[in-house]
Amino acid sequence: MSHLTTPPPRPAALPRSPGHPTAPVAPGPPRHDVPDIADDAAWDRADPYAHALRSGAGPLFLRRRDGWLLPLDVERWCGAAEGADVTVLRRCTGPVLDIGCGPGRLVAALAALGRPALGVDVSSEAVAHARSRGAAALRRSVFEPLPGEGRWGTALLIDGNVGIGGDPAALLARAAVLLRPGGRLVVEVAADDDVDERVHVHVTDGVRGDPAGRRPDRAHHGFPWARVGLPALLRYAAAGRWQEEDRWTAVGRRFAALRAPEPTPRTGRR
C-alpha cells in the first residue's frame, strides 16, 4: 500500500500555485461527501467500488433510497480512453483537471499524449489505480483546496460527475474558481433531457448490501448526488454566467462544453 503515500508524478506544465494563499474555495455542499483519509484497509477491501476497480468489472450501481439502481460502467472506466472519450480529449486545451477522475483513463490518455493533466478523486483505490497507469492523481475532494486554482485551461466532469455533491450550481461555481478566465469545462450529461434530480445514493454491487448500513460512520458510501440533462445544465450554467460553447453526442453519450465566466470589470471577480 506504499504507493498510496508516494507523491504522484508531476507534469512540468501543470499550473503552479500562486505566491499568495490558495484562492478562496467557492461555497459547496456539506462536507459529508468527503471521506476520511485514514480509512482502514479492512473497510477499503469491503468497499464495492474499490472491489470493482480491482477486478476491473461490475456489477456496480448507485442505489437511491427508494431502491432505484443506476448501473455504473466499471469496465469502460477501467479500460482505455476510446470512442466518445476521444471527442472529449480533442477539446482539452492547456493543463487539464479531471474532477472525479476514477481509475484515471482520461488523465492517463492525456499523459500519453504529452499533455499536462491532473486527476482528483475521493477514492483511494481510484487514485492508486490512476497512478498505476502513469496518471498524476490526488486523493482530494474538488471542494478542498487544489493545486493551480484559477490556472487550469480545461476541467472535466465526465461519467456523470456533474452530480458530485448533489448541487450542480455549487459545482459549477467551484469549477469557475479552478479554471482560468475563459477556460473550458467539458460536462457529460444524462441522455434524457428531462432529468434534473437531487438524490441520496450509495454504491452497491447488488450483492453485498448497503455498506453504509453496516458502518454508518463511513458517510462517503451514502452521499448526495445529482443527475442533469442538457437543458438543466444550461440553466445552471446561464445562472452562473457560463457560456455554452459546444454540444455533441458520441456513441450514445451526450456532452457540452462551457466557457468559464470572465471577471467583472468592476470587481475583477467572476
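The values are calculated or read from the model by the stated rules, or taken from the named source; none is laboratory data. Since we're looking at a predicted model, the values are computed, not measured. Reconstructed Cβ throughout: ideal geometry from the backbone, glycine too, with neighbour counts over all protein chains shown. Remember, those area values only see protein heavy atoms, side chains included, never the ligands or the DNA or RNA. Shrake-Rupley method; radii C 1.70, N 1.55, O 1.52, S 1.80 Å.
In the context of the full protein assembly, Arg235 retains an accessible surface of approximately 140 Å², using a probe radius of 1.4 Å and ignoring ligands and nucleic acids. Taking a sphere under 10 Å around the Cβ of Ile158 and counting the other residues whose Cβ falls inside, with K and R at +1 and D and E at -1, yields a net charge of -2.
Amide H contacts of Gly148: Ser17, each under 5 Å away and 5 or more positions distant or on a separate chain (H built 1.01 Å from N in the peptide plane; Pro and chain starts excluded).
The 1.4 Å probe gives accessible areas that order Thr154, Thr93, largest first, as Thr93, Thr154.
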